[in-house]
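Asks: Sharing a structure with you now.
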Amino acid sequence: MKGKAPLSERARAERRLGWLLAGPAFIIMLLVTVYPILQAVFDSMFSYRLTAPEEREFVFLGNYAVIFSDPVFWQALGVTALITVVTVAVELVLGFALALVMNSAIRGIRGPLRTAILVPYGTITVVSAFAWFYAFDLNSGFVNHWLSWVPGIDAGFDWFSAAPSALFVIMASEIWKTTPFISLLLLSGLAQVPGELTEAAKVDGATWWERMSRVILPNMKAAIMVAVLFRALDAFRIFDNIFIMTNGAYGTEVLSLLAYRTSIGRLEIGMGSAISVVLFCCVIAISVVAIKGFKVDLAGPKGGR
C-alpha cells in the first residue's frame with residue numbers, strides 16, 4: 001500500500017497560512033465551548049436540584065440509566081429524528097432547485113432573485129415561528145379559510161391539537177426558514193463545477209439527467225455534504241419553533257426542549273445535564289456519519305474532487 005505523497009512547499013505554506021488565519025477563532029471557540037461541555041458532563045454525574053443544593057449526591061451514570069429507561073426520552077428522540085430527516089430531505093431537494101434557478105437566471109435579475117430567495121433565512125427564527133403560529137392558529141389564523149376546499153379542513157380545524165398536524169406546521173416553518181441556507185451552499189457548489197465538463201457532456205449527446213447525475217452532482221459532493229451536515233446539526237437541535245407553537249404538547253417534544261424543561265422548568269440540573277450530554281453525543285454521531293458517508297476530503301483540491 002502506497003503512502004501519501006509528501007506535500008509540496010506551496011501546500012505546506014498554504015496549510016500554515018490556514019492555521020494562522022483560523023487558529024485564533026478556533027482557540028476562542030474551544031474556550032467558549034469546552035468549559036460548558038465539561039461542566040455539563042460533570043453535573044450529569046450528580047443527582048442535583050437547585051432547590052436542594054445540600055442534597056447533591058454523586059450517582060455516576062445513574063442519570064443516564066433513568067433517561068434511557070424513560071419512554072418520554074425515546075419519544076422526544078424519535079420526534080427529533082423525524083423532524084431532522086424530513087426537513088433536511090425536503091430542504092435539499094428544494095434548495096437544489098432554487099440553486100439551479102439562481103445559477104441559470106439572466107444576469108440582470110440574478111441579484112434581486114437571490115435577495116428574494118434569501119429573505120426567509122434573514123428572518124429571525126422567533127419572528128418566523130410566531131408568524132407561522134398566528135397563520136395556523138385557530139383564533140387568529142387565515143390558513144383554514146384558504147384551505148377550506150381540502151377534505152378534513154374547516155374553520156374549526158385546530159392544527160396544534162394533535163401531533164401529526166402540529167409537526168406538519170413545525171416542519172413547514174423550518175423548511176421555509178432554512179431552505180435558502182441550503183440553496184446558498186449548493187449555489188456555491190454549482191459555481192465550482194467546471195463549465196467545460198457540462199459543455200463536453202452536452203456535445204457528446206448526454207441528456208439533462210445524465211449531465212446532472214454524472215457531471216454536476218459528483219462535482220458538487222463537497223457542497224452537498226456541507227449543506228446536509230450543517231442543516232442536520234441545526235435541525236437536530238430545533239427548539240424555538242416547538243417552544244412557541246406547542247411548548248412540547250401533543251407529542252411534539254424534542255430533546256432540546258426536554259433538556260430545557262428538565263433543567264430550567266424543574267431545576268433538575270443533573271438530569272438536564274445528562275440529556276444535554278446525550279444530545280451533544282448525537283450531534284457528534286451525525287457529524288461522523290455524514291463525513292464518513294460522503295467520503296469527502298475538504299482539505300484536498302477543490303473539496304476533494
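Asks: Using +1 on the beta carbon of Lys and Arg, -1 on that of Asp and Glu, and nothing else charged, what's the dipole of segment 76-196 about the Cα centre, debye to 20? Don't skip to the answer; put the middle values down first.
Replies: Numbers: 4 positive and 6 negative charges, 92 e Å.
Computed about the Cα centre, the dipole is about 440 debye.
Asks: Below 8 Å, C-alpha to C-alpha, sequence gap of six or more: please give me the relative contact order for segment 158-305 in percent.
Replies: Numbers: 118 pairs, mean separation 37.6, N = 148.
Once normalised by length, the contact order is 25 percent.
Asks: Between Tyr134 and Leu50, 0.36 nm times their residue separation minus their Cα-Cα distance comes to what? Kindly include the intermediate steps, with their values, before the conclusion.
Replies: Numbers: separation 84, 0.36 × 84 = 30.24 nm, distance 3.57 nm.
So the chain would gain 26.7 nm between Tyr134 and Leu50.
Asks: Comparing Ala162, Ala116, Ala235, which has the greatest mean-square fluctuation in the GNM of the chain with Cα pairs linked when under 10 Å apart?
Replies: Per the Cα network of the chain with a 10 Å cutoff, Ala116 tops the list.
Asks: Tell me, what ³J(HN,Hα) does each residue in segment 249-266 have, in order and in whole Hz, if you take phi through Karplus 6.51 cos²θ - 1.76 cosθ + 1.60 with θ = phi - 60° and put x for Gly and Pro?
Replies: 6, 6, x, 10, 6, 10, 4, 4, 5, 4, 5, 5, 5, 6, 7, 8, x, 9
Asks: I would also like to ask the following. What are the ³J(HN,Hα) values, in whole Hz, obtained from phi via the Karplus relation 6.51 cos²θ - 1.76 cosθ + 1.60 with θ = phi - 60°, for each residue of segment 60-71 in sequence order, with x given for Gly and Pro?
Replies: 6, 9, x, 5, 5, 5, 5, 4, 6, 9, 9, x
Asks: What accessible area per residue comes out for the chain, rounded to a whole number of Å², with a 1.4 Å probe?
Replies: Details: 17920 Å² over 305 residues.
Result: 59 Å² per residue.
Asks: Taking all protein chains together and a probe of 1.4 Å, list Phe243, Phe230 from the most accessible to the least accessible. Kindly include the intermediate steps, with their values, before the conclusion.
Replies: Numbers: Phe243 80, Phe230 110 Å².
If we order Phe243, Phe230 from most to least accessible, we get Phe230, Phe243.
Asks: Only helical DSSP H runs with n ≥ 4 go in: add -39500 (n - 2.57) per run for the chain, normalise by residue count and round the 222 nm mean residue ellipticity to 500 deg cm²/dmol.
Replies: On the way: 13 runs with 204 residues, N = 305.
For the chain, the value works out to -22000 deg cm²/dmol.
Asks: Can you give the charge dipole size of segment 114-267 about its Cα centre, rounded to the nearest 20 debye, using +1 on the beta carbon of Lys and Arg and -1 on the beta carbon of Asp and Glu? If you can, show how the numbers build up before the last one.
Replies: Numbers: 10 positive and 11 negative charges, 74 e Å.
The calculated dipole for segment 114-267 is roughly 360 debye.
Asks: For the chain, what is the number of Lys pairs with C-alpha distance below 19 angstrom, counting only pairs 8 or more positions apart or on separate chains?
Replies: Working: Lys4/Lys295; Lys4/Lys302; Lys221/Lys292; Lys221/Lys295; Lys221/Lys302; Lys292/Lys302.
So the count of such lysine pairs works out to 6.
Asks: Roughly how many percent of the accessible protein surface of segment 124-182 is carbon and sulfur, given a 1.4 Å probe and a whole-percent answer? Present the calculation step by step, with values, prior to reporting the outcome.
Replies: Details: 2220 of 3050 Å².
The value for segment 124-182 is 73 percent carbon and sulfur by accessible area.
Asks: Percent of accessible area on segment 1-116 owned by carbon and sulfur, 1.4 Å probe? Mind showing how you got there, number by number?
Replies: Details: 6110 of 8450 Å².
Here it works out to 72 percent.
Asks: For Ala65 and Ala22 in one chain, what is 0.36 nm times their gap in residues minus the Cα-Cα distance, to one decimal in nm?
Replies: Extra length available between Ala65 and Ala22 comes to 11.5 nm.
Asks: May I pose another question? May I ask you to list the chymotrypsin sites (Phe, Trp or Tyr not before Pro) in segment 144-200 that are in a DSSP loop and have at most 15 other Cβ atoms within 10 Å of their Cβ? Walk me through the numbers before you get to the answer.
Replies: Numbers: sites: Trp146, Trp149, Phe157, Trp159, Phe160, Phe168, Trp176, Phe181; in loops: Trp149, Phe157, Trp159, Phe160.
In loop regions of segment 144-200 (DSSP not H, G, I, E or B), the sparsely surrounded chymotrypsin sites (Phe, Trp or Tyr not before Pro) are Trp149.
Asks: Now for a different question. Sort Lys202, Lys221 from largest to smallest accessible area, using a 1.4 Å probe on the heavy atoms of the protein chains.
Replies: Working: Lys202 110, Lys221 85 Å².
Heavy-atom accessible area, descending, gives Lys202, Lys221.
Asks: Report Rg(Cα)/(2.2 N^0.38 Å) for the chain, keeping two decimals.
Replies: In units of the 2.2 N^0.38 Å rule of thumb, it is 1.22.
The values are calculated or read from the model by the stated rules, or taken from the named source; none is laboratory data. Worth saying up front: this structure is predicted, and the values here are computed from it rather than measured. So basically every Cβ, Gly included, is an ideal-geometry build from the backbone, and we count neighbours across all protein chains shown. The protein model used for the area step is the full one, side chains on, heavy atoms only, and it has no ligands, DNA or RNA in it. Shrake-Rupley method; radii C 1.70, N 1.55, O 1.52, S 1.80 Å.
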